[in-house]
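To start, the structure under review is shown below, and the notes come after it.
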Amino acid sequence: MKKKLIRIICMAVCVLLVTAAVAAAEPDFTSPAYGSANQLALWGSCGQCVWYAWGRAYEVTGKSVPLVSGRSSAKYWIENARDGGFPTGPVPAKDSVAVWGGAEYDYGHVAYVEDVKDGIITISESNYTWDNPPYPCYDVEVGAQYYNGTKDLTMDSFINRYPYGFLGFIYLDEVPETPAAVNERGLDGTYYSGEEVHVTLTGEVYSGCTFYIYHTPAGGDTYLYGEYELDTGDFTFTVTEPGSYSCGFLIDCFGYTYWSSWTWWFVEATYPECSHEWEDWKVTVPPGCDDDGEMTRECSLCGEKETVTIPGGHIWGEPEYVWAGDNSEVTAKRTCKRDGGHTETETVQALMSVIKLPGAAETGLIRYTSNAFTHPAFEIQTKDVTLPALGYVPGDIDGDGTVNVQDVTAFLQHTIFPELYPLEYEGDTDFNGD
């Protein structure tokens, strides 16, 4: 029973502690911050967003956000704060006042930033739901009815939650580090054409931030060199022109642009004399039969490029020659190596000449010679054809292996009296070999 009682008492204490902690985070509308110390309450603005934000800032930090009679609407708070010596900026911070802008006939809106952690902004505010407290209202209890409590917002939803854009934060305690650009070689670093410059952005970097690079050529006017959307704190760009470069950082909030503290640094992009270490040639435009091509090489040190022309036109292969089946003519042909569809052909007649007659055991030789081609690339062609040996001695009628008087006599007898002296010999009768 005693242990159970102790457990109940501990639970009750824990509940009281938690309740006290929550209560401590809630605004105390009985505090003078919302009444006698609040000029907006004295002006009859109880319940309005400006009344609550001023009171909450005073209640938590003890600091009074500057107010100007006739310009106490939320849309004037950034300007009033700067005039009063309060720092302002685009980066959310705990214990600051967030300000949204108003159009010509709009009042704007303000909220108190209770905390910023892990990309979440916790705010408290009054009259965000446009319940329109009575005006004038000097009653703090009535004004407290328009308190909207706290909300957790991401940066994107925070910026875009009001239709007329976000103007910035009024810092009441610590001023957060605003984005700044730092290059890896420090001030007056020297870079060369084609070299990459590595930039590190310090401070908070949010999606939607834009990084601007400006270039000032020698003796010239500054102009915008490039702008880049960022998601991280590291960035590189390439130096291409001689002169000075500087970096600025801009946060674009729903149509309103808010510059952070400028961090200017300069680099001189000079063109030094280079000893050139050339890479291999690369064909960038292939040549054709009708058009020239190009090839390029690049220096690995400075990036300079050289380009030369590759002459176009046909690149002919070696001619090929084809003889007709009876060797009466020959056709020459050559083909372009760049385009196999491009060919040149020519056909000419051929003449035959006997180089050597065949014998009983010896082969003969016939030579075919083409006429001259009109195309200068084609040459006169020759083709030798071997005649087989006869296998007998011409004129050896009696078959004794020699040509003699008996062979002649037999031939004459057959010629004069064919019926009396028939011959079965069908070979050559050229007895003298002429």
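Each value in this text was obtained by applying a stated rule to the coordinates, not by laboratory testing. On a predicted model such as this, the values are computed, not experimentally measured, just so you know. With ideal geometry, Cβ positions are generated from the backbone for all residues, glycine too; neighbour counts draw on all protein chains shown.
Of note:
- Stokes-Einstein diffusion coefficient of region 19-166, Kirkwood radius over Cα pairs, 25 °C, 0.890 mPa s, in µm²/s: 160
- In plain terms, the residue of Ile366, Ile120 with the fewest other Cβ atoms within 10 Å comes first and the most crowded comes last, giving Ile120, Ile366.
- Mean Cβ neighbour count within 10 Å, used as a protection proxy, ranking 368-375, 125-132 highest first: 125-132, 368-375
- Each label was represented as a point 7 Å from its Cα along the Cα-to-Cβ direction; for Ala324 and His342 these points are 3.1 nm apart.
- Put in order of Cβ neighbour count within 10 Å, fewest first, the listed residues Ile123, Ile213 become Ile213, Ile123.
- Principal axis box of region 286-356, alpha-carbon based, largest edge first, Å: 74, 26, 14
- Quarter the surface of the alpha carbon convex hull of region 286-416 and you get the mean projected area, 15.1 square nanometres.
- Taking Cβ atoms as reference points and 15 Å as the exclusive limit, the residues near Thr284 contribute a net charge of -4, counting Lys and Arg as +1 and Asp and Glu as -1.
- Estimated FRET transfer efficiency when R0 is 60 angstrom, pair His276-Thr363 (beta carbons, to 0.05): 0.30
- Scaling the Cα radius of gyration of region 344-423 by the globular reference 2.2 N^0.38 Å produces a ratio of 1.84.
- R0 of 25 Å, Cβ-Cβ distance Ser31-Asp152: FRET efficiency to nearest 0.05: 0.55
- In sequence order, calculated HN-Hα J values of region 274-282 (Karplus, 6.51, -1.76, 1.60; Hz; x Gly/Pro): 10, 7, 6, 10, 7, 7, 5, 5, 10
- Taking amide H as placed 1.01 Å from N in the peptide plane, the amide H of Asp115 sits under 5 Å from that of Asp95, Thr122, each at least 5 places away or on another chain.
- Taking max minus min of the alpha-carbon positions on each principal axis, region 90-185 gives extents of 60, 29, 21 Å, largest first.
- Karplus 3J(HN,Hα) series, Hz, for region 97-114 with 6.51 cos²θ - 1.76 cosθ + 1.60 (x for Gly, Pro): 10, 8, 10, 10, x, x, 6, 4, 10, 10, 8, x, 8, 10, 8, 9, 8, 6
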